[in-house]
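A quick write-up on the structure given underneath.
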Amino acid sequence: MNNTPLTAIRQLRFGLRVFFRGLTLANIRRIAVFMVRRFLLRKPVPFSVVYAVTYKCQCRCVHCSVADYGVPADEFSTEEALALVDDIAAWGAVKVTFFGGEPLVRADLPELVERATARGLRSSLDTNGLFLDAKMGARLKAAGIGNINVSLDSADAAVHDALRKQPGCFTAAVSAIRTCVELKIPCLVSTYASKRALKEGDMQRVVALARDLGAAGVKILFPILSGNWRKNEDERLSADEEKLLLGLMDPAYVYLEDALQMVKSRGKGCSAMERNLAYISPTGEVQPCPAIPVSFGNIREQSLAGIAAAMEGHPFFEKYGKCSMCLMNEPGFRESLFARGPARLPVRIDELGALLEKK
């Protein structure tokens, strides 16, 4: 993908069609305030906050990047979750992404989307599609959902279901995409670039299937060596495989990892480490992203505003902020992080002093 004025125009049109369709005055005001704070005042306000409302899930994906966290029993109540959405809005983010596990396991998800809408936040949802039927789709649309990302690991039903360890998951995902299209909710197919998919041409088939289903675009994730893949060095892409993957990018339809990062640097770099993204776990841990098991604090113990202030000048970001891809794919960092054999994840940032001091 070439960085030309035409490419930039196509990317802008794609963004407006998918992420900023139907902007309200409240959305526009929030974007304007974000731009001032981030680019004029140089405050590291995240453009997007990913809030994992639960780690419960019907699937047991072989590539799950949050598998290390288990299934905490003390996830936020509805009241706590609504208050957290308010705090995310106060932080200054433009968008909140509801994540999991599987977010639709929680019956109150439409209520959380509605609160986000009321606070001027754009909202999106990452889902496996199993609970996204016409009734739920209509509820989410009425609540003001901005876009929905449905996971498809393969264009082959048997392969997808085997990777997710859930029979019928492929059929449900395809049905969920069709539901979004019928309801005119912008829907992205979310997939990941495994060596198998690249070698067998499955990546191209997933993109073709997304087009056939009427999806608004395709988001491709790099393989992240965290969770179930933490020790799977064999999944690290070679230079030739990365080149093949980048060749699939289409500024009007297919992007890599994060749409904002794709515009800035063709997907190279990390939105979390560049402070465009932040993550909050089901139990209130504030992390750079779901895949990096490092917490800067828990909002049940201190305010989100206080944690955000502590993150602003933290040496963690200065030390690792220039990584070319996911920090968890850096062997030295990953090995050091788990060398202590932490009893629980995520690891608190104040436990990583020795790691931060390493050259």
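The values are calculated or read from the model by the stated rules, or taken from the named source; none is laboratory data. Computed from a predicted structure; not experimentally measured. Quick reminder, even Gly has a Cβ in these numbers, built from the backbone with ideal geometry, and neighbours come from all protein chains shown. With ligands, DNA and RNA removed, areas are computed over all heavy atoms of the protein, side chains included. Shrake-Rupley method; radii C 1.70, N 1.55, O 1.52, S 1.80 Å.
Some notes on this structure:
- Taking packing as the residue-averaged number of other Cβ atoms within 10 angstrom, the listed peptides 167-175, 306-314 run from highest to lowest as 167-175, 306-314.
- Legend: P(r) of the chain from all alpha carbon pair distances, 20 Å bins from 0, whole percents, reading 30, 63, 7.
- Here the relative contact order of the stretch 15-118, from alpha carbon pairs under 8 Å that lie six or more residues apart, stands at 38 percent.
- Protein accessible area in the chain, 1.4 Å probe - carbon and sulfur %: 55 percent
- Near residue 120: Cβ cut-off under 15 Å, other residues only, Lys/Arg at +1 and Asp/Glu at -1. The net charge is +4.
- Relative contact order, percent, the chain [alpha-carbon distance under 8 Å, six or more residues apart]: 19 percent
- Near residue 89, once Lys and Arg are set to +1 and Asp and Glu to -1 for all other residues with Cβ below 12 Å from its Cβ, the sum equals +4.
- Note on the stretch 61-119 and the stretch 291-321: Cα centroid distance 18 Å, given to the nearest whole angstrom.
- GluC sites (Glu not before Pro) lying in DSSP loop within the stretch 21-114, provided at most 15 other Cβ fall within 10 Å: none
- Extreme residue, positive dipole direction of the chain, given options 24, 186, 46 (C-beta unit charges): 24
- Note that the chain presents 43 Å² accessible area per residue, ligands and nucleic acids not counted, probe 1.4 Å.
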